[in-house]
Amino acid sequence: MSKRVLVVGGGIIGASVAWHLIRSGCAVTIVDSGQGGGLATRHSFAWINASWGNPEWYFHFRRRSMAGWRRLQDAIPKLDVSWSGGLLWDLPPAELASYAQEHARWGYGIREVGRQEALAIEPGLKEPPELALHVPEEGMLEPLATTQALLAATISNGARLLGDTEATLLTLANGRVTGIETPTGERLEADETVVCAGVDTSRLLEIAGLPMALDAPPGLIAHSTRSDKKLLNGLVMTPDFHVRQTHEGRLIIGTDFAGGDPQGRDSEMATALLDGVKAMVRGSDDLDLDVITVGYRPTPRDGYPAIGRPKGADGIYVAVLHSGITLAPIVGELAARELATGVRDPDLAPYDPNRPELSQA
Ligand SMILES: Cc1cc2nc3c(=O)[nH]c(=O)nc-3n(C[C@H](O)[C@H](O)[C@H](O)COP(=O)(O)OP(=O)(O)OC[C@H]3O[C@@H](n4cnc5c(N)ncnc54)[C@H](O)[C@@H]3O)c2cc1C
């Protein structure tokens with residue numbers, strides 16, 4: 001009989017885990033307190049990258065996942081992922097050069113470009129910088145549409161999605177998690193329960209006596225009204241903002257780190273972001289702010305993913321992380337393999353959910 005696996009959370013991580021599980025022959029049920037599509041996911045900037053500021057082992061994990069997106073696109077052509085490339089100068093010039101050298105040595109397709117070449121890559125820029133970096137292999141996706149397409153493909157391969165179904169707690173018997181309980185008291189049972197509940201993950205784990213230190217830093221994204229002009233070809237990362245244009249013509253703008261903490265001044269921050277873009281991008285003057293979103297990043301305390309079996313109970317697996325847009329394919333693939341076969345990929349070693357850095361403060 002197929003292993004029955006319950007996936008709690010239908011954001012981009014739960015959707016990817018469920019897709020890979022169903023392809024591994026498991027019987028999969030996804031429960032989501034909404035309709036699926038995620039919370040952090042839908043409020044994300046959605047840049048697929050292995051960019052600066054990370055150690056080499058994490059760079060390679062991210063890059064492995066970037067290749068995973070291309071495999072997922074082959075399997076599910078409806079996924080809204082585009083490999084537009086990134087043009088960036090969000091570091092001081094000396095650091096730009098050392099970042100490019102280091103990452104090129106690690107195998108990243110990255111190179112320095114001068115003003116004229118930057119303009120050829122992004123003709124909409126009014127004042128291109130003297131020095132920028134171009135990374136053609138970076139990409140972006142429409143997070144809600146992509147997650148919904150991944151869920152739909154998973155369902156058409158035989159999974160069940162139970163929307164409006166909140167896991168209020170994990171049920172336990174004889175040291176084993178046996179499933180979840182919903183607000184009506186209904187119990188859903190499974191051989192394995194995979195918690196991909198984003199920022200709600202630590203609450204669920206704690207109830208089951210499996211604490212994990214998880215933070216939820218906020219990030220604001222300003223969404224402009226739609227333009228019928230092609231204003232940008234790809235991702236543009238400046239010292240003041242990160243920006244990309246969606247297929248429907250909106251500009252999606254965050255501060256550095258793809259969406260910063262507005263500290264309660266949402267409208268002020270969003271207006272400043274759009275004004276900054278208007279000063280830099282030709283043809284954007286008539287755009288207004290349409291929507292401002294503030295999302296909360298599910299972030300294990302040391303900043304790295306937590307993927308694996310928490311100690312203290314059997315029948316449970318967790319996958320919670322920041323950079324989930326980039327990492328969803330590799331996390332889904334390796335988590336499903338471990339759940340289906342018991343084999344843990346060596347690349348998951350740094351992401352043990354039981355590492356001391358994640359013990360509760
Ligand atoms: C502003 C911002 C910018 C970002 N930019 C990037 C970026 O550029 N690149 C990148 O790679 N990453 C980025 N991220 C991070 C990325 O978006 C997240 O890591 C990723 O979306 C997490 O996905 P998830 O499925 O784990 O969580 P979520 O999307 O939050 O999904 C969790 C799901 O679980 C459901 N759920 C929660 N609790 C329960 C429960 N008790 N019972 C049932 N269902 C439940 C929720 O309804 C939700 O659907 C950004 C995030 C933010 C907020």
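The values are calculated or read from the model by the stated rules, or taken from the named source; none is laboratory data. In this text the structure is predicted, and so the values were computed from the model without any measurement. Cβ placement follows ideal geometry from the backbone for every residue including glycine, while neighbour counts extend to all protein chains displayed.
Quick notes
For (1) surrounded by fewer than 13 Cβ atoms within 10 Å (Cβ to Cβ); (2) aliphatic (A, V, I, L, M); (3) not in a helix (DSSP H, G or I), each residue gets a yes or a no:
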residue	(1), (2), (3)
SER84	no, no, yes
LEU91	no, yes, yes
ALA94	yes, yes, no
TYR99	no, no, no
GLU102	no, no, no
ALA120	yes, yes, no
PRO123	no, no, yes
GLU127	yes, no, yes
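- Residue within the stretch 325-343 that is of a type in the set (Ser, Thr, Tyr) and either surrounded by 24 or more Cβ atoms within 10 Å (Cβ to Cβ) or not assigned by TED's automatic domain parsing to the domain that holds LEU231 (or both) present: yes
- Flag for ILE207 being more than 19 Å from THR29 (Cα to Cα), touching a strand residue (DSSP E or B) at 6+ places or on another chain (Cβ under 9 Å) and at pLDDT below 95: yes
- Test for ILE252: is it over 30 Å from ASP288 (Cα atoms) and within 12 Å of the ligand (Cβ to nearest atom): no
- Test for VAL195: is it in contact (Cβ under 8 Å) with a residue 12 or more places away in the chain, within 11 Å of the ligand (Cβ to nearest atom) and either closer than 26 Å to GLY315 by Cβ or not hydroxyl-bearing (Ser, Thr, Tyr) (or both): yes
- Among the residues of the stretch 129-152, those identified as among the polar types (S, T, N, Q) and crowded, with 24+ Cβ neighbours inside 10 Å are THR146, THR147.
- Matching residues in the stretch 124-172 - criterion: being touching a Pro at 6+ places or on another chain (Cβ under 7 Å) and either at pLDDT below 95 or away from the ligand (no atom under 13 Å from the Cβ) (or both): LEU131
- Entry remark, the stretch 130-161: residues being farther than 24 Å from ILE221 by Cα and either touching a residue at least 60 places away in the same chain (Cβ under 8 Å) or touching a Lys or Arg at 6+ places or on another chain (Cβ under 7 Å) (or both) number 10 in total.
- Residue within the stretch 313-320 that is within 19 Å of HIS43 (Cβ to Cβ) and more than 15 Å from the ligand (Cβ to nearest atom) present: no
- SER51 being outside any helix (DSSP H, G or I), touching a residue at least 40 places away in the same chain (Cβ under 8 Å), within 16 Å of the ligand (Cβ to nearest atom) and assigned by TED's automatic domain parsing to the domain that holds GLY10: no
- Residue count, the stretch 59-82 (criterion: more than 15 Å from GLU137 (Cβ to Cβ) and free of Cβ contacts under 8 Å to residues at least 12 places away in the same chain): 2
- Any chance ARG42 is within 9 Å of the ligand (Cβ to nearest atom), surrounded by fewer than 21 Cβ atoms within 10 Å (Cβ to Cβ), farther than 25 Å from GLU166 by Cα and at pLDDT 95 or above: no
- THR246 being of a type in the set (Ser, Thr, Tyr), more than 30 Å from GLY175 (Cβ to Cβ) and in contact with an Asp or Glu (Cβ under 9 Å, 6 or more places away or on another chain): yes
Every residue, every condition in (1) more than 11 Å from the ligand (Cβ to nearest atom); (2) in contact with a helix residue (DSSP H, G or I) (Cβ under 6 Å, 6 or more places away or on another chain), yes or no:
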residue: GLU206; (1), (2): yes, no
residue: LEU220; (1), (2): no, yes
residue: ARG244; (1), (2): no, no
residue: HIS247; (1), (2): yes, no
residue: LEU273; (1), (2): yes, no
residue: ALA279; (1), (2): yes, no
residue: GLY295; (1), (2): no, yes
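- Only one of ASP286, ASP302 that is surrounded by fewer than 20 Cβ atoms within 10 Å (Cβ to Cβ) and under 22 Å from ALA216 (Cβ atoms): ASP302
- Among the residues of the stretch 53-69, those identified as of a type in the set (D, E, K, R) and closer than 14 Å to HIS103 by Cβ are GLU56, ARG62, ARG63.
- Per-region count, the stretch 8-35, residues more than 6 Å from the ligand (Cβ to nearest atom) and in a loop (DSSP other than H, G, I, E, B): 4
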